[in-house]
Each structure stands twice: as structure tokens, then as C-alpha cells.
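The numbers here are math on the coordinates, done by the rules we state, and not lab data. Predicted, not measured: the structure shown is a model, and the values here were computed from it. Heads up, the Cβs are rebuilt from the backbone with ideal geometry, glycines too, and the neighbour counts pull from every protein chain shown.
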Amino acid sequence: MTKFSLWALATAAGLAAAKDVYLDWNVTWVSAAPDGFQRPVIGINGEWPCPQIDVDVGDTLIVDVYNGLGNQSTGIHWHGMHQYATAVMDGASGVTECALPPGSQMQYRFDVNQTGSYWYHSHDMGQYPDGFRGPMIVHDPNAPFHYDEEFTLTLSDWYHQEMPVLLNAYESEQNQAAFHGREPTPDSALINDAVDTKIKVLPNKTYLVHIVCIGNFPGHTWVIDGHEMTVVEVDGVYTEPYPAGDKFLRVATGQRMSVLIHTKSDTSKNFAIFDTMDVNMMFFYEHSTPPPGYNPNATAWLVYDETKPLPDPPSFASFDNFVDDVALVPADHEPILEPVNRQIIIDAASKEINGITRFTVNNETYLPPKVPTLYTATTVGTELSSNPEVYGQVNPFVVKYGEVVEIVINNRHPNLHPWHLHGHQFQVLQRTGINGGYYNGLFSNVSQTPIKRDTIMVQNNGHTVIRFRADNPGVWMLHCHIEWHVEAGLMATLIEAPETFAQTLQSPPDSHYKACHSYPSLTSGNAAGNEGLDMTGLATEPQPGSEGALYDAAKQSSAVHISSAAPQSTSQAQAPAPKPTSQAQAPAPKPSSQAQAPAPQSTSQAQAPAPKPTSQAQGPAPRPTTRTPVYKPSTRTPASKPTPFAQGSVPKPAMPKPEQSPSPAPAAAPSQPGYYSGYYYEHPYPQQDDEDTETGPANNGQPDQPIQPIQNFWPLPVGQGSNNDEQEQLLSNLCLSQNRTMSTEFFCCSDLRPHIAHGARERHNFDDFVKWAKITLPGPYETKFFDAQFIIQLIRQSAFRSNQSFRYFLPIRHGKYEEIPGEIAERSFELSELKLGMRSSQSILLHQSI
């Protein structure tokens with residue numbers, strides 16, 4: 001209750017100091033049984049449900065994310081956040097970032113300049129329904145309505161099997177042949193990720209209730225028994241107050257709605273909160289029937305008195321009288337955007353491709369690129385960035401800055417689809433009912449102040465018309481928010497104002513590039529990672545089966561470095577809804593944190609329903625119990641929209657804590673064998689070099705200068721120079737003479753005197769390799785030698801042998817390296833010139849190469 005009282009005080013004062021909100025998250029497996037069935041779920045810092053994020057408008061949110069899952073990649077999308085000037089923080093894997101592999105870390109940082117109800121979730125290969133999602137509430141000290149306190153209700157469907165298993169069954173030939181590609185059926189419905197949620201309330205108070213649909217498939221209808229609900233916000237947009245009266249309210253997956261309720265004046269009884277999943281979507285529109293005894297409902301309670309019984313939920317004969325969200329009016333009364341400069345027609349449908357059901361946009365199914373689309377847009381040049389062909393089969397639409405864009409979505413499918421647009425809240429001009437037909441012009445009764453939101457449910461065999469102004473440069477997904485359909489290709493990509501990217505976009509932080517190199521994924525070139533419109537190596541058709549976000553380091557490295565063919569699932573296609581057979585893995589420990597116990601394996605035996613909830617009342621939306629956000633005061637004032645940053649001149653913000661702590665440099669001794677760290681990223685964006693600089697004997701105690709790539713190179717044997725400085729320069733040239741499109745970082749171990757690492761990042765990576773080598777590679781070795789000497793000894797390569805021998809090592813996860821066969825490494829990394837330039841046996845660590 002403290003939270004409510006303090007927030008009411010802040011609201012009354014009408015003040016909220018802008019601040020930095022810092023969160024340090026380790027994404028891990030957790031064992032949970034929200035509906036009585038024990039299974040592994042994806043949590044944060046060892047806990048689940050994932051915590052609610054509470055920020056104030058004007059705050060800066062900074063989240064360090066470490067992937068401790070061990071067997072899956074991940075990433076976080078901040079659903080509903082516009083990300084003005086920070087499109088690189090949108091969090092969609094393959095679109096605005098690379099997937100974050102196990103053992104890696106990345107940081108998200110963006111200003112929160114919107115108010116209302118939002119949520120965060122994994123946007124990586126169908127992962128979030130395994131539990132990686134939570135609400136995000138942006139508080140407004142000047143909300144246009146009064147309330148005393150607030151709480152959050154999340155609504156979701158839930159599955160007893162993990163998503164990789166379900167996705168593999170869903171995208172199988174067997175499912176297509178037997179069930180026409182039907183989606184898996186949820187096992188239960190959850191409210192606040194539980195079946196026994198209780199919300200303690202006080203009498204005679206006005207509560208602001210945030211309803212957030214964080215599910216996967218069906219829409220939800222809910223009722224707070226005995227309490228009238230008044231709609232005041234949808235998807236972060238304030239509305240004119242709309243009393244629901246005797247009509248039902250509903251939300252689709254991805255949608256949010258805030259309502260005001262006024263509690264009773266006495267505490268004589270408690271009241272049920274009833275939620276039901278849309279059985280039409282799950283069964284009747286799919287021409288199937290519910291399993292015997294299937295329960296699509298969930299119940300929670302408003303608890304006035306903990307000593308009073310918890311009532312049964314209300315019953316309803318039918319659900320056919322709903323509030324039409326298109327009829328809502330935005331509180332700001334923004335007029336309809338016109339004239340239209342660009343109209344986009346999307347015909348959404350489905351068809352069978354290679355024996356599986358795929359969804360299509362204008363007859364093309366979405367296929368993921370090898371290079372994140374935003375990285376392609378910023379590396380191919382201004383002319384190509386406006387050519388949709390450069391983006392591959394991501395259903396791209398290019399729009400210019402300032403255009404009023406109208407998108408018509410014709411749903412040529414017999415089921416409903418909630419369409420979500422990243423980066424914008426759009427006006428909804430019209431939407432038909434079920435079987436309402438396809439677009440043939442605007443209706444005569446279109447509102448002059450249409451409602452705005454970021455997710456709209458499109459009725460089966462009908463259409464909707466939305467508009468927005470293209471004033472947010474970036475790459476934004478437009479997709480159905482049913483996760484089954486996302487993975488089956490029902491997505492389009494909006495490339496907005498690419499002609500302005502040089503002046504409007506921030507550069508991705510180093511942690512994002514490091515995630516790409518660790519995965520590994522390409523970061524430049526067209527969708528295939530090639531120049532121009534050469535799409536060699538890019539998949540053109542989907543294949544049966546899916547592994548979801550499961551991560552195989554060897555397969556990923558092979559797919560990027562060696563094979564020109566698109567990766568395909570090697571797992572056997574399964575029939576729909578098999579019981580989980582894979583044992584949950586232990587979460588990978590975050591560096592310097594305690595390792596957690598393995599999540600238990602899901603059993604095949606169905607468990608009994610959860611026991612009747614106790615009468616003990618619980619607080620509102622769950623919050624983390626072991627970690628508290630660090631609030632750091634700021635002198636900034638809230639801004640409605642950040643000023644665009646000029647490309648190449650973006651100062652990196654001061655971080656509340658470093659992404660990595662550099663290890664101290666070893667003492668240098670000219671008489672000892674050493675190493676040179678050749679470090680060069682070919683960034684898709686020009687960047688300022690604000691790396692930590694270190695001093696060393698090679699530069700007479702002066703800071704090292706930024707290393708530049710050598711354009712004109714011919715090999716010379718090391719040792720032909722007149723002094724050690726020339727030898728070091730030659731080795732520098734050798735290390736940096738690789739194919740520049742590969743953005744390769746690696747260490748060359750030589751018999752030259754030690755040369756200081758170029759920056760803290762290389763030192764950290766080198767030390768990681770040393771620690772691994774000491775434990776893994778066979779000795780003998782003597783601990784008195786310097787780190788560089790350890791490397792040479794531990795891999796049994798003497799710098800004084802006459803024969804020439806090379807060994808190559810590639811990181812496969814945090815603290816783990818894999819030896820790459822010489823012939824593969826030389827062919828994939830074009831190292832033949834490098835070998836010619838070395839006098840004696842050397843060892844090369846290929847680090848985070850893509």
C-alpha cells in the first residue's frame with residue numbers, strides 16, 4: 001500500500017523528477033507451476049513471473065541484459081515504445097538487432113516519453129510465451145483523470161510444453177496433413193501469471209486498472225463483478241472516458257487498456273474477476289471443437305476482507321455485446337491525418353509451402369534475413385537503402401520522412417489477427433465486422449478524430465484502415481501478434497525515412513555489436529550479407545520444422561562462415577502437441593554471480609488443477625523481491641520528443657555502470673614472448689572512438705592511437721624489419737588485412753615483445769581466453785610466465801620452432817572456445833596471406849567473428 005500512497009502524493013503534487021532507472025537482469029530458467037503443472041519457464045534473476053517495470057514519463061530506462069539461459073538466444077522488445085531516435089533499441093531480433101546468444105550481454109537505453117500501459121517481451125523466434133514477458137507502466141503526474149491507487153492485471157494463455165517443441169509440431173508436415181496447420185491449443189488461462197490471484201483493495205477508492213494482454217494466441221474478455229469499468233486509455237493513448245455499462249470489454253494479444261473502477265463503500269464481501277479466452281479463435285473459426293472438459297476461463301478476486309469467502313465467478317449466457325474500440329475518441333482530439341501521401345495495401349492470407357502452412361503478405365511469406373534489416377539500411381548506402389529489393393523477403397515497404405501513410409489490411413483468412421506496428425501509434429479509420437469484405441474505399445461515417453493505438457484486431461474476411469505520419473525514422477515491424485503466425489511468416493517491414501538515417505539515428509552500443517559477433521551474425525551488407533542486390537546464400541523458401549530460439553553455437557558458426565545455404569532445422573518434424581521430452585537445462589551463471597539449480601524436467605503426466613486458493617490476499621502485480629531498480633536523479637526535464645542525433649557525432653551516454661570491467665594489463669618485458677591484439681570492427685555506423693586507452697612501452701608511455709585498416713597490403717616475413725617497432729607494425733598490418741566485410745577480431749600470438757592491447761574490450765577478451773586455456777588445454781606450463789606466454793605454451797606452439805603450425809580458436813559461448821580445423825578457418829577467414837607473413841609457429845584466436 002505504500003506504493004499507492006506515495007504515488008497519490010506525487011500525482012497530487014503534479015511533479016515527477018526525471019531520472020535514470022537502471023535494471024540489471026540475468027535471464028534464466030526457473031521452475032514454476034502457475035496452473036498446477038510444473039515446467040521450466042524463462043524468468044529474470046532467478047524469479048518468475050517477470051517483474052513489472054514502473055517508470056515516470058521523462059525517465060531514461062537502462063537495462064543490462066545477460067543471457068543465462070544456456071541453450072537459447074534471446075532479446076527484449078519494449079512493446080509500444082516509439083523509440084524516437086533510438087530505433088536500435090526496439091529489440092526485435094533480426095530486424096533492429098542480432099539475437100543475444102547464451103553467455104552474452106547487451107544493454108538497452110532509451111528515454112521514456114510516453115505515458116500509459118506497455119509491456120516488454122522477448123522478440124526472438126517465438127520465445128516469449130515460455131514466460132519471458134512482463135508489464136511496463138509509465139506513470140503520469142498530470143493524468144487527465146483522478147484516481148487514488150492503481151494495479152495491473154495481465155491476461156494470457158499458457159502452455160505445458162515449451163515453445164521449441166510446440167513450434168516444431170506446428171510447422172510440421174504432419175500437422176498440415178492431419179490438421180491443416182492448426183495452432184496448438186493453450187492448456188489454461190492465467191491472470192497475473194496465476195490461477196489464484198487476489199488483489200487487496202480499500203473501500204470507497206478510485207482505482208486505475210491496467211489490463212495488459214501478454215498472451216500468445218486468443219483474445220480475452222474480462223469482467224470485474226459488481227464494478228462498472230470506464231475506459232480511459234488504450235495502448236498508451238488517453239481516451240475520452242467511456243463507461244462500458246452492460247457491454248463487455250476485450251483485448252487482443254499485444255493490446256492494453258486502462259479502466260477506472262470505484263470500490264464499494266463497505267467491506268461486506270469480495271468480488272470475482274472473470275476472464276475468458278476467445279473460443280471462436282481457438283476452435284470454431286478453425287473448424288474444430290474444444291477437447292472434452294476444456295476450460296478457457298480464469299478467475300481472480302478483488303479482496304475487501306481477507307476473512308470473507310472468495311465467490312464463484314459470474315456466469316454469462318453469451319458474449320456478443322462488446323465495446324467497439326474503434327468508436328473510442330482520443331483525449332487530445334487529434335484530427336484525421338490528411339491528405340494521404342502513400343497508400344500501402346496488405347493482403348494477408350495463408351497457403352501451403354513445402355508441406356506446411358505459411359502466412360503471407362501480398363503472397364510472400366516473411367523469411368528472416370542474415371543481416372538485421374536496420375543494419376542493412378544503414379550500411380548499403382542512401383540509394384540502395386530506398387530499394388526494397390536490398391532487404392530480401394521481409395515484405396519491405398519504404399516510406400519517406402513526413403509522409404502521411406495509409407495502410408489497408410485485408411484479412412483474407414477465416415480467423416482474427418491482431419496487427420501490431422512498432423514505432424508508432426496509428427489512427428484507426430475503419431474496421432469491418434466479421435465477413436465484412438475487403439477494402440473498397442472509406443466509409444461515409446469515418447470519425448474526424450479517430451482513435452489511436454499500436455495494435456488493432458482485424459476481423460476474419462474483413463479489413464481495417466490505419467494512418468500515421470512517417471516522423472520516426474527507423475525500421476519497424478508490422479505483424480500479426482499471434483506468435484504462431486509471426487513464426488509462420490505473417491510480418492511486414494516498414495523502412496521509414498532511410499534518406500534521413502545519417503542525421504536521425506543513434507549508433508548501436510558496442511554491446512549490440514558484440515552480441516552479433518558472438519552469435520555470430522552479419523552486421524553489414526544486404527539481407528544476405530553481400531554487396532548490391534546479390535542475394536546468394538539467402539533462403540527463398542521456408543522449410544518444415546522449427547527449433548525456435550534453441551541455440552547451437554557450432555551450427556550458427558557454420559551457417560554464417562562456411563555454408564552458403566540457409567540453415568534448416570535438423571530436428572524431426574513432430575505431430576501436434578507431443579509431451580515435452582527434452583530436459584530443462586541449468587541456467588548459465590552470470591559472471592561473478594552464483595549459479596542456479598537446474599529447472600526440473602516437465603513430466604508427461606498431466607497434473608491435477610491448482611488447489612483452491614487460500615484466503616490470504618496478495619498485493620497487485622508481482623514485483624522483484626531480490627533486486628530493486630536503482631533510481632538516479634537527473635537534472636533533465638521531460639521531453640516530448642528527443643532531438644535527432646547526427647550520425648557520426650553521437651556522444652555515447654555515460655553509463656551507470658560499465659558493460660565490462662577491464663582486467664589490469666600484465667607487465668611488459670621485452671625479453672618475453674608476447675602478443676599483439678589486432679582489433680577492428682567495421683561498424684555499420686560511423687562511431688566516435690571513446691574506448692578506454694592504455695599506455696605501454698611500445699608507445700613510450702603514450703596512449704595508443706586508434707588502429708586503422710590497411711588498404712594496400714603485401715606480405716613480408718616478420719623479422720625483415722630493421723627493429724622491433726617495424727616488426728610490430730608489420731604484424732599489425734597482418735592482423736588487420738582480412739576481408740573487411742567480415743569484421744573480424746582476433747589475437748595473433750608471436751615472438752615479438754608484448755604490445756599493449758588497444759583497449760579495455762580486447763584486454764577483457766584476451767583474459768577470458770587465457771582463463772579458459774589454463775583450465776582446458778593440456779600442459780605442462782609454468783605459472784610464472786606472463787599471460788601471452790601461457791597462450792603459446794598451453795596450445796603447445798613454440799615461437800622458436802622452425803616448422804610453421806597454426807591453431808585457430810573461435811568463441812562458442814561465454815568462457816568457452818572451439819578449435820576450428822585449419823582448412824576451414826583459412827577458407828572461411830581468408831588467412832592464407834596472414835600465414836605467409838609469419839616467420840614461425842603462431843597461434844591465432846579468431847574472436848567474435850561474423
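Remark: Trp29, Trp158 ranked as Trp158, Trp29, counting other beta-carbon atoms within 10 Å and listing the fewest first.
Going from the residue with the fewest nearby Cβ atoms within 10 Å to the one with the most, Glu162, Glu499 rank Glu499, Glu162.
Measuring nothing but alpha carbons in the stretch 241-388 and taking Rh as the Kirkwood radius, the Rg to Rh ratio lands at 1.09. For Glu233, nonlocal amide neighbours, meaning residues 5 or more places apart or on other chains whose placed amide H falls under 5 Å from its own, are Thr239, Ser258. Taking the average, over residues, of other Cβ atoms within 10 Å as the packing measure, peptides 451-458, 279-286 rank 451-458, 279-286 from highest down.
Answer with one residue from Ala348, Pro296, Phe316: the one whose Cα lies farthest towards the positive end of the charge dipole of the stretch 280-391, charges on Cβ with Lys, Arg +1 and Asp, Glu -1. Ranked along the dipole, the leading option is Ala348.
Cα centroid separation, the stretch 370-402 to the stretch 50-120: 23 Å.
Pairs exceeding 23 Å between alpha-carbon atoms, taken from Lys370/Lys400; Lys200/Lys247; Lys247/Lys452; Lys19/Lys514; Lys370/Lys452: Lys370/Lys400; Lys200/Lys247; Lys19/Lys514; Lys370/Lys452.
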